[in-house]
There are 4 protein chains.
Amino acid sequence: MIIIMKHGASQDNVEAVVKAITAKGLQAHLSQGDQVTIIGAVGDKTRLMHDNLELIPGVDKILSVTETYKLANKKFHPQDSTIRVGDTPIGPGHLAVMAGPCAIEDEEMIMETAQAVKAAGASFLRGGAYKPRTSPYAFQGLEEEGLRYIRRAGDATGLKVVCEVTSLRALETAVRYVDMLQVGARNMQNFELLKEIGRSRIPVLLKRGLSATIDEWLNAAEYIIAEGSPDVVLCERGIRTFEKATRNTLDLSAVPVIRQKSHLPVIVDPSHATGVRDYIGPMAKASIAAGADGLMVEVHPCPSCALSDGPQSLTFEQFDALCGELRPYAALAGRAF
Amino acid sequence: MIIIMKHGASQDNVEAVVKAITAKGLQAHLSQGDQVTIIGAVGDKTRLMHDNLELIPGVDKILSVTETYKLANKKFHPQDSTIRVGDTPIGPGHLAVMAGPCAIEDEEMIMETAQAVKAAGASFLRGGAYKPRTSPYAFQGLEEEGLRYIRRAGDATGLKVVCEVTSLRALETAVRYVDMLQVGARNMQNFELLKEIGRSRIPVLLKRGLSATIDEWLNAAEYIIAEGSPDVVLCERGIRTFEKATRNTLDLSAVPVIRQKSHLPVIVDPSHATGVRDYIGPMAKASIAAGADGLMVEVHPCPSCALSDGPQSLTFEQFDALCGELRPYAALAGRAF
Amino acid sequence: MIIIMKHGASQDNVEAVVKAITAKGLQAHLSQGDQVTIIGAVGDKTRLMHDNLELIPGVDKILSVTETYKLANKKFHPQDSTIRVGDTPIGPGHLAVMAGPCAIEDEEMIMETAQAVKAAGASFLRGGAYKPRTSPYAFQGLEEEGLRYIRRAGDATGLKVVCEVTSLRALETAVRYVDMLQVGARNMQNFELLKEIGRSRIPVLLKRGLSATIDEWLNAAEYIIAEGSPDVVLCERGIRTFEKATRNTLDLSAVPVIRQKSHLPVIVDPSHATGVRDYIGPMAKASIAAGADGLMVEVHPCPSCALSDGPQSLTFEQFDALCGELRPYAALAGRAF
Amino acid sequence: MIIIMKHGASQDNVEAVVKAITAKGLQAHLSQGDQVTIIGAVGDKTRLMHDNLELIPGVDKILSVTETYKLANKKFHPQDSTIRVGDTPIGPGHLAVMAGPCAIEDEEMIMETAQAVKAAGASFLRGGAYKPRTSPYAFQGLEEEGLRYIRRAGDATGLKVVCEVTSLRALETAVRYVDMLQVGARNMQNFELLKEIGRSRIPVLLKRGLSATIDEWLNAAEYIIAEGSPDVVLCERGIRTFEKATRNTLDLSAVPVIRQKSHLPVIVDPSHATGVRDYIGPMAKASIAAGADGLMVEVHPCPSCALSDGPQSLTFEQFDALCGELRPYAALAGRAF
């Protein structure tokens, strides 16, 4: 931790900071420049957590040097993790492709989709049973009924099932049906939900919040891991910016950034990120080239009849063609697909 | 609803759209230009909700002309609402000042703060019992114990008590203690929580999400009102932008925008928005001048000992001085304070 | 300057950094923690400018502690400046109101506008002769002819004339006509233009760039002042964010931030910031309450016939009414208007 | 053009709009719904440019349906363009790699860099002679001397030379030395410069502005093409967002968006976008996979001695290794490299 004193801070001010630091058993190292004095606090900085050094007169600002997340941090876990969902690995050497409709609409459509995406090469079946929607008047999902349908589709095809949970109640139900829980962008900092998910010990797909920094995202993962569940996969799905040509702005650089800061796998969702069908293929290829461990893609038997997100869904034929185009990129990246 | 056809869409494409619209009992109005054909759909557009016109070949994009929120919409409720929390009004002619610590730390500090902010002129006591924190290792709040303390402080002073709830569980407990519930920025689109709060019928302070558009914010209010609770007060608390000189960027224009689009009261939280004590006074005055119905300000008996957000908290003396400075602005704006 | 070493940097790495610092005659202060070593460089850091310490193996990042702007910095010039444009002051105790059309369209309209805004209380006449427009096919301004018209209108009314210059050529011409030059948002980092303006010694109104940080804005001011012209007035005009309810997002907190970091006057342009006529009044009042030294407002004899920005222009009657409403706010803020 | 009337607009209001449209020889098509009336204006909308329909009482908003750029628009030029810089093509089937230092520092370093990047496979040599810098006290470039050096290096190696121009004066000089002009992010809307560049008829690399929308970017290209120079190549180099883990946020989706909206080639600069050497390789591969027509990469003989942007520069060895890694991606994308 570094304390930067204001231009013109008095010697008394500096001493007050030094005293506050040493009182907690840490060491204080002084750098006194002509314009600015800097104090480095060395030792266990959690002891200073309640001291608000920022409010000691003469203090300009405090800079934190170390990240607040530990379990998700590559510094303390230098080897990239492979997360296993049943016998299906997500991590180095593999390309995990998750596909399915935005929302589960009925049993037939999810079963049909499962068969199609399985045939094309996906290993995970996605589908929403609890849909967070901007307007209260939009379709909100089939809830437990939907979970039953997708479980059957997963069992029939051998695909692993991944579903979003949007509340503690949804979680209680979902744990009986799914192989992997999903936390959506809007709930990335729903900390009560994260903690309870961590206690469930079920693998989690943690989507990045609409305007979450990578640091906040890794702290959200830390909430889950700290409760006992180490199996967290991150999913970049676009951030909110001024640009409106795409639904969100896919921050693909997040892939190498995560790779450098964390050992957790990271996948990309080009469907939600771009919101436009024609952009999904190029961004899916780019994701693999950037080092992503997998992809999440929306597929629907009849996009023009979809209850939500039709414009960004691929047909079965389009998804099959996409998988064909992705294979040489996966091979180039050294990933089995 | 307006359907814009692609440059080069065929007459067949146009007819397919017209047919889809008229099949649902709406009227289709055509404007055929040299470059572009536009089709207006007139009638009850909810009937078209599942039709995904966007996917009919030749369709370029769909523009929605009417807002999806109705109950929060000024068009259908032209008079500005006054929300009553017990006998305390929030709305035209009043300036509701809510003050208190970021977190309730112990009984003495919240009681002491209640007395000080009451004396200075506040009518609401704020204080967090459930604290959403970026890191799982930071102080998370006293939970029910904290609610007991703040209830006692409210009763002792006559201040109305407003507390944030971060989960359905916290809500179940909080309804027994508070006069007004608060939904924080991170939970603005925690739709399950919004619905349950709506069912509680307790007045709600709904903070704007970090990167929520005003349209999404009003839709979040709609979730609450649609469940039966009309008493929603909006709170602007800054949005996330590239600028780092302040903690967030206070979007003060949101006040006149909300005033034009909705009948709900809107207050401003300059403490969280700026994150810097010196900026709170100027932005509090500006909020009143812009037409805000109230303010939420962080006050702490000893900011330098605060467990959270100390740097942006005012001391009792500073808050008292601020209230003195605000009074002529409230008078000028025609608001009792 | 603070150098933070990577977790696991070797003692050799640390010594290499220390050596690089001391080789240039600065002192290096070490803080060696368990996880991280920090090195403070004390002395004239410009000597290190070409050393790229960031690239010495083991270095994680470099933090700059002092601002790069000096002449615009309040630390070295603690008293707020008053800029004089002829005999008209901009600074503490005064509210400078600048009004006029977006673009000068003909001689009559600018003369008529000058008389109206003068009568209402403005002391500056604004009007664009060189219009930067997104599309090359939109009206680009009357250029020198426009400058002649606005000069005559200024002379006839005693209003000071402020006009935007968009290139070195425009500058050469404009210096013969205007009392104050304006640098628009798109040219805030057109450094060649800034330098040449600085050499002209004419007072400047420097608008903030669409996505410029406050730090970059003050550095742009530094470019001008460093060339010899100390008379720079800053103008906040909204930044670009995800919110589309307003044309830009007025960052009104920039007013107290600038007040703390710089001695230069700062005014606000609520017309360009919001882009909506109904929001100009509330935000103009808020600007005064926040501490602004002035306002820039678009006024047009017939907004519905304006060649640009009509929707955000006030009529003469509206501007006169606005000035009436602003007066008590100016009085409250201790500013003559 | 679509005119949306306010809820409650009178029949008179509607007629006034219709009259304004038909008065200019366009047709007006009405869609009158229960809540909203919509009027489509069909015909040459430039005739309405000065009418400000938005200000007719009862008008809520105007939506523009067609883009303002024509020459850069794929609608009117469906085939992707290949731009030729001398005999070197940029466009379908080719991967144009531009490499070199941020700034030209002396003759030896640019010559040495030219030889190294040529050997590795680049076909363009980049290097700054005019450097736009945030602070006036930072190194600003060697100007004409630098241009002389890079020209010699280009001639010696057969590489095409691309240099940024930051003002009309720099342009006058640069046209005598370079094969391709570069417009930097800060000057993307320096319209005077764009027009003059268009008159030069020299091929241009047009970087996207820090917070420019794709629509504004294509309009900037239109400024150049409209003056007579059709040879414009776009360069995505990151946009400004809240995320600080990278210098900017590389908006890689811009590549497929541009591909859909324009026929102009588009390349990517991963060096400026990420600002971190370790992220350049992954994002360069991703750019090719996303469909980019080329790359711009910073290379320096000794990044730790660079006068600017050292931390994001590759050494000769790193650049050579990168080119080796990129080759199979170029092959997969069907591009000669």
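For segment C:208-244: of the residues being under 15 Å from residue B:242 (Cα atoms) and of a type in the set (Gly, Ala, Ser), which is surrounded by the fewest Cβ atoms within 10 Å (Cβ to Cβ)?
C:211
Considering only residues that are in a helix (DSSP H, G or I) and β-branched (Val, Ile, Thr), look in segment A:135-166 and name the one that is nearest to the other protein chains (Cβ to nearest Cβ). I'd like the intermediate steps shown before the answer.
In the first step, residues of segment A:135-166 are kept if they are in a helix (DSSP H, G or I); the result is A:144-157.
With β-branched (Val, Ile, Thr) added as a condition, the list becomes A:150, A:157.
Values: A:150: 20, A:157: 26 Å.
Selected residue: A:150.
Just the residues that are in a helix (DSSP H, G or I) and either closer than 15 Å to residue B:52 by Cβ or within 14 Å of chain B (Cβ to nearest Cβ) (or both), please, taken from segment A:280-326. Talk me through it step by step, then tell me what you get.
Step one: list which residues in segment A:280-326 are in a helix (DSSP H, G or I), which gives A:280-290, A:303-305, A:310-312, A:316-326.
Within segment A:280-326, A:303, A:304, A:305, A:310, A:311, A:312, A:318 meet the criteria.
Which numbered condition in (1) within 14 Å of another protein chain (Cβ to nearest Cβ); (2) buried (at least 22 other Cβ atoms within 10 Å of the Cβ) is the only one that residue D:173 fails?
Failed condition: (2).
For segment C:12-27, give me the residue count where each residue is surrounded by fewer than 20 Cβ atoms within 10 Å (Cβ to Cβ) and under 22 Å from residue A:1 (Cβ atoms).
Final tally of qualifying residues: 3.
Any residue at all in segment D:192-207 that is closer than 30 Å to residue A:240 by Cα, touching a Ser or Thr at 6+ places or on another chain (Cβ under 6 Å), surrounded by fewer than 24 Cβ atoms within 10 Å (Cβ to Cβ) and modelled with pLDDT under 95?
No: zero hits.
Across segment D:1-28, what is the number of residues that are out of contact with any Leu (no Cβ under 8 Å at 6 or more places or on another chain), farther than 23 Å from residue B:78 by Cβ and touching a residue at least 24 places away in the same chain (Cβ under 8 Å)? It would help to see each step written out before you state the result.
First, pick out the residues of segment D:1-28 that are out of contact with any Leu (no Cβ under 8 Å at 6 or more places or on another chain): D:5-13, D:15-16, D:19, D:22-23, D:25, D:27-28.
Next cut, farther than 23 Å from residue B:78 by Cβ only: D:15-16, D:19, D:22-23, D:25, D:27-28.
If we keep only those that are touching a residue at least 24 places away in the same chain (Cβ under 8 Å) too, we end up with D:16.
Residues that pass the stated criteria total 1.
For segment D:92-113, name all the residues that are of a type in the set (A, V, I, L, M, F, W, C), at pLDDT 95 or above and either out of contact with any helix residue (DSSP H, G or I) (no Cβ under 7 Å at 6 or more places or on another chain) or under 22 Å from residue D:325 (Cβ atoms) (or both).
D:95, D:96, D:97, D:98, D:99, D:109
Checking residue A:334 against (1) in a loop (DSSP other than H, G, I, E, B); (2) surrounded by 23 or more Cβ atoms within 10 Å (Cβ to Cβ); (3) touching a Gly at 6+ places or on another chain (Cβ under 7 Å); (4) not charged (D, E, K, R), which test does it fail?
(2)
Quick one: how many residues across segment A:95-128 are in a strand (DSSP E or B) and touching a Lys or Arg at 6+ places or on another chain (Cβ under 6 Å)?
4
Please indicate, with yes or no, whether at least one residue in segment A:11-29 is within 13 Å of chain C (Cβ to nearest Cβ), farther than 30 Å from residue A:320 by Cβ and acidic (Asp, Glu).
No - not one qualifying residue is present in segment A:11-29.
Those residues that are in contact with a Gly (Cβ under 9 Å, 6 or more places away or on another chain), more than 13 Å from chain A (Cβ to nearest Cβ) and open to solvent by 40 Å² or more (accessible area, probe 1.4 Å), I need them from segment B:176-187; list them, please.
Of everything in segment B:176-187, just one residue is in contact with a Gly (Cβ under 9 Å, 6 or more places away or on another chain), more than 13 Å from chain A (Cβ to nearest Cβ) and open to solvent by 40 Å² or more (accessible area, probe 1.4 Å), namely B:179.
From the list A:17, A:97, A:59, A:36, which residue is at negative phi, of a type in the set (Val, Ile, Thr) and in contact with a Cys (Cβ under 9 Å, 6 or more places away or on another chain)?
A:97
Would you confirm whether any residue within segment C:29-51 is open to solvent by 30 Å² or more (accessible area, probe 1.4 Å), of a type in the set (Asp, Glu), in contact with a Gly (Cβ under 8 Å, 6 or more places away or on another chain) and in contact (Cβ under 8 Å) with a residue 24 or more places away in the chain?
no
Residue A:116 passes all but one of (1) free of Cβ contacts under 8 Å to residues at least 40 places away in the same chain; (2) surrounded by fewer than 24 Cβ atoms within 10 Å (Cβ to Cβ); (3) of a type outside the set (S, T, N, Q); which number fails?
(1)
Do the conditions hold for residue C:146, that is, is it open to solvent by less than 20 Å² (accessible area, probe 1.4 Å) and either without any contact (Cβ under 8 Å) to a residue 24 or more places away in the chain or within 30 Å of residue D:47 (Cβ to Cβ) (or both)?
So residue C:146 fits the description; yes.
Suppose we filter C:233, C:297 for residues that are closer than 30 Å to residue D:59 by Cβ and under 21 Å from the mean Cα position of the chain (by Cα); which single one remains?
C:297
Within segment D:33-84, work out how many residues are within 14 Å of chain B (Cβ to nearest Cβ), assigned to a strand (DSSP E or B) and more than 21 Å from residue B:2 (Cβ to Cβ).
1
Per-residue answers, yes or no, for (1) over 30 Å from residue C:210 (Cα atoms); (2) touching a Cys at 6+ places or on another chain (Cβ under 6 Å):
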site: A:178; (1), (2): yes, yes
site: A:184; (1), (2): yes, no
site: A:229; (1), (2): yes, no
site: A:232; (1), (2): yes, no
site: A:242; (1), (2): no, no
site: A:253; (1), (2): no, no
site: A:264; (1), (2): yes, no
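Limited to segment D:255-266, what total is found for residues that are in contact with a helix residue (DSSP H, G or I) (Cβ under 7 Å, 6 or more places away or on another chain), more than 7 Å from chain A (Cβ to nearest Cβ) and either surrounded by fewer than 24 Cβ atoms within 10 Å (Cβ to Cβ) or modelled with pLDDT under 95 (or both)?
Of the residues in segment D:255-266, 2 are in contact with a helix residue (DSSP H, G or I) (Cβ under 7 Å, 6 or more places away or on another chain), more than 7 Å from chain A (Cβ to nearest Cβ) and either surrounded by fewer than 24 Cβ atoms within 10 Å (Cβ to Cβ) or modelled with pLDDT under 95 (or both).
The values are calculated or read from the model by the stated rules, or taken from the named source; none is laboratory data. These numbers come from a predicted model, not from an experiment. Every residue, glycine as well, gets a Cβ built from its backbone with ideal geometry; the counts of neighbours run over all protein chains shown. All accessible areas refer to the heavy atoms of the entire protein, side chains included, with ligands and DNA or RNA removed. Shrake-Rupley method; radii C 1.70, N 1.55, O 1.52, S 1.80 Å.
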